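The values are calculated or read from the model by the stated rules, or taken from the named source; none is laboratory data. This structure is a prediction, so every number in the text was calculated from the model and none was measured. Here Cβ is always computed from backbone atoms with ideal geometry, including for glycine, and neighbour counts include all displayed protein chains. The area values use the complete protein model at the heavy-atom level, side chains included, leaving out ligands, DNA and RNA. Shrake-Rupley method; radii C 1.70, N 1.55, O 1.52, S 1.80 Å.
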Amino acid sequence: MSFGLEVCLSPALLPSYTLAGKTVVVTDVLRATSTMSVILQQGAECIVPVTTVEEARNLGKKGWLAAAERNGQKAEGFHYGNSPFDYLGHNLIGCKLVMTTTNGTRALAAAANAADHVLCGAFVNLHAVADAVKSLGKDCLVLCAGWKDNFNIEDSLFAGALAKALAPDFSLRCDAGLAVSGLWSIAQDDLFGYIKASSHFNRLERLHIEEDVRFCMTLNSQQAVPVLENDALIAWKSSNDSTR
Ligand code: 3SL
């Protein structure tokens, strides 16, 4: 049986898609969904994604680890930001985090409660996400977080990569999916080189965080797939995972 696969290129376009009955993969390659995978891979119990800095601050006051990013920079007064290097190599076992980012947590909020399952995908966990989507066995929609409701290249490239990883079990059912697949076949041999012309690369380069981009454009370094359960992201476990 073949499932359907659609791609939504920006949260602004989401109202024209049906989410019920589907698995939605939210992607914000630079850097929210890459970093969320790292946080859970480092052993955190959960990440609560929130849309405002105030909400993150309030949970921080209650003893949670609090992470906030706006426009590529750590928000004032926060110990943690949105760089994977804030978390890599740290033991986060049992920690609960609250996190807000410019676009990623906003895209998650748009999909939450409307889809059957909401996962976070990025190049760093591409294969693990593809396995999770296949094992959930439902039509899938990839939601690109973009930048402030605009299309971006890196999230679209990820959608193309995921479409390839899901074929032939999932077949594309929209022109956006065909377009991102074409983009992926052009860029896949030199992802970092391709992304260098993008607006968000230039934004992050001005902040001197090129190494974050290199990390986020590297495939399959992480296994953790964040999945939303009761407003919190936890690491997805397959039904045949004995640790469940
Ligand atoms: O927009 C977001 O959610 C962030 O991932 C942007 S940044 O990479 O931290 O600049």
*Out of all the residues in region 187-220, which are more than 26 Å from Ala56 (Cα to Cα), assigned to a loop (DSSP other than H, G, I, E, B) and either open to solvent by 60 Å² or more (accessible area, probe 1.4 Å) or within 14 Å of the ligand (Cβ to nearest atom) (or both)?*
Lys196, Ala197, Ser198, Met217, Thr218, Leu219
*Within region 103-113, track down each residue that is under 13 Å from the mean Cα position of the chain (by Cα) and surrounded by fewer than 19 Cβ atoms within 10 Å (Cβ to Cβ).*
Ala109
*Identify all residues within region 56-73 that are within 9 Å of the ligand (Cβ to nearest atom) and not in a loop (DSSP other than H, G, I, E, B); write none if there are none.*
Glu69, Arg70, Gln73
_Regarding region 123-134, can at least one residue be identified that is open to solvent by 10 Å² or more (accessible area, probe 1.4 Å) and farther than 19 Å from Ser37 by Cα?_
no
*Leading residue by the ranking (most open to solvent (accessible area, probe 1.4 Å)) among those in region 8-47 that are more than 18 Å from His90 (Cβ to Cβ), within 14 Å of the chain's Cα centre (by Cα) and away from the ligand (no atom under 12 Å from the Cβ)*: Leu9
_Residues to consider are Asp86, Asp139, Asp116; find the one that is open to solvent by 30 Å² or more (accessible area, probe 1.4 Å) and over 17 Å from Leu5 (Cβ atoms)._
Asp86
